[in-house]
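To start, the structure itself, in structure tokens.
The numbers here are math on the coordinates, done by the rules we state, and not lab data. Computed from a predicted model, the values in this text were never measured in an experiment. Positions of Cβ are generated from backbone atoms using ideal geometry, with glycine treated the same way; all protein chains shown enter the neighbour counts.
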Amino acid sequence: MIRTATPADVPVIHTLVRELAEYEKAPEEAKATPEQLHEALFGERPAAYAHIAEDDTTGEPVGFALWFLNFSTWRGVHGIYLEDLYVRPTARGAGHGKALLTELARICVERGYQRLEWSVLDWNAPSIAFYEALGARPQDEWTVYRLTDGALAELGAGRQGR
């Protein structure tokens, strides 16, 4: 079962984010607090949205999708950017990941959004195979760039990068 997250889900979302960071071999990078997640998802101006996958038998949360709207100037409409998709290892293979992506695709279709996009680590072969089996295709001609920490602060202060 897939359902929209509620404020009561923030602690489990935080735990799942930490588990995802462990899986992606970067636990030290997962610095978000439950308070930050609550504000982002349920504050005065929500910046992100989440769905929870529950075990069909126990009703326990076993995965989540956290996403936000992006915008294509070329297509002139919003799309969904999937920031995180995670299913606990013990629940994998039961269709939860596909159900989460199906729900996001349904939202796109219902609202007239024309893209559902996400990133995947290049070493994550099981996820890549899963996504490609659903019809997703890599965007090999694009390279993701990121400014964080000191470089972001320097540029934001008007100092040029190195």
> Considering only DSSP states other than H, G, I, E and B, which trypsin sites (Lys or Arg not before Pro) in segment 3-81 qualify as loop sites with at most 14 other Cβ atoms within 10 Å?
Replying inline: 25, 31, 75
> Using the alpha-carbon centroid of each, what span in Å lies between segment 1-28 and segment 120-136?
Replying inline: 20
> Which of 131, 43, 73 sits closest to the plus end of the dipole of segment 20-131, meaning its Cα is farthest towards the positive end, when Lys and Arg get +1 and Asp and Glu get -1 on the C-beta?
Replying inline: 73
> In a Debye calculation with equal point scatterers on the alpha-carbon sites of the chain and no solvent, what is log10 I(q)/I(0) at q = 0.11, 0.12 Å⁻¹?
Replying inline: -0.51, -0.61
> Ranked highest first by average number of other Cβ atoms within 10 Å, how do 114-120, 81-87 line up?
Replying inline: 81-87, 114-120
> Computed FRET efficiency, Cβ-Cβ of residue 15 and residue 155, R0 45 Å: what is it to the nearest 0.05?
Replying inline: 0.85
>> With +1 on the Cβ of every Lys and Arg and -1 on the Cβ of every Asp and Glu, and nothing else charged, how large is the dipole of the chain about its Cα centre, in debye rounded to the nearest 20?
In response: 460
> Once the piece of chain linking residue 92 and residue 6 is laid out straight, how much longer is it, given 0.36 nm per residue of separation minus the C-alpha distance between them?
Replying inline: 28.6 nm
> Rounded to the nearest 0.05, what FRET efficiency do residue 22 and residue 139 have when you use their Cβ-Cβ distance and R0 = 25 Å?
Replying inline: 0.40
> When the dipole is taken about the Cα centre of segment 61-148, and only Lys, Arg (+1) and Asp, Glu (-1) are charged at their Cβ, what size is it in debye, to the nearest 20?
Replying inline: 220
>> Could you tell me the calculated FRET efficiency between residue 148 and residue 57, based on Cβ-Cβ distance and R0 = 30 angstrom, to the nearest 0.05?
In response: 0.15
